[in-house]
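First comes the structure, then the notes that go with it.
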């Protein structure tokens with residue numbers, strides 16, 4: 001699964017770069033969803049895009065690499081314990097690697113999924129970002145709903 005996400009992420013980014021001009025936007029669902037070629041030199045939602053290199057280098061290169069090693073540890077230690085956590089950590093790892101490939105090769109991340117509703121515009125994103133977002137939802141659902149059920153079942157047996 002991890003390699004599938006990384007490969008799909010890199011193939012779609014490559015296709016966007018080959019077929020689109022920077023900033024070009026093609027409506028898929030007019031008024032809601034376009035494919036738009038965007039270069040993101042920053043973090044999520046373009047934060048710190050133009051920060052000095054002494055800030056950008058540790059935040060966009062060193063820290064994500066360290067986080068990937070930590071995620072490998074989490075995936076390995078949860079492989080037989082908690083399927084949802086293992087799945088979420090795997091999705092985060094795949095997304096991080098997909099975006100790190102861009103950062104190391106181009107110093108920016110290619111984004112292209114462009115959603116908006118009227119004047120409200122969401123930051124463009126990619127498959128790697130989607131994997132990370134899905135992982136966050138899995139962890140939130142587990143924390144809020146599934147752990148609550150576990151706690152209720154433990155207290156009811158006491």
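For every residue, the table says whether it meets (1) surrounded by 17 or more Cβ atoms within 10 Å (Cβ to Cβ); (2) touching a strand residue (DSSP E or B) at 6+ places or on another chain (Cβ under 9 Å); (3) at pLDDT 95 or above.
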| position | (1), (2), (3) |
| --- | --- |
| 83 | no, no, no |
| 89 | yes, no, yes |
| 92 | yes, no, yes |
| 102 | yes, yes, yes |
| 109 | yes, yes, yes |
| 122 | no, yes, no |
| 134 | no, no, yes |
| 138 | yes, no, yes |
| 147 | no, no, no |
Next on the checklist: Please count how many residues of the stretch 63-86 are assigned to a helix (DSSP H, G or I) and over 14 Å from the mean Cα position of the chain (by Cα).
Outcome noted: 16
Item to check | Only listed residue being part of a helix (DSSP H, G or I), modelled with pLDDT under 95 and buried (at least 16 other Cβ atoms within 10 Å of the Cβ), chosen from 60, 45 | outcome: 60
Item to check | Pair list, Cβ < 6 Å and 6+ apart or interchain, from the stretch 45-67 residues that are under 28 Å from residue 121 (Cα atoms) to residues that are outside any helix (DSSP H, G or I) | outcome: 45/123; 46/40; 48/42; 49/41; 49/42
Next on the checklist: With the requirement that a residue be in a loop (DSSP other than H, G, I, E, B), in contact with a helix residue (DSSP H, G or I) (Cβ under 9 Å, 6 or more places away or on another chain) and in contact (Cβ under 8 Å) with a residue 24 or more places away in the chain, what does the stretch 1-42 give you?
Outcome noted: 1, 41
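The values are calculated or read from the model by the stated rules, or taken from the named source; none is laboratory data. Just so it is clear, the structure is predicted and the values come from calculations on it, not from any experiment. Note that we place each Cβ from the backbone using ideal geometry, even for glycine, and neighbour counts take in every protein chain shown.
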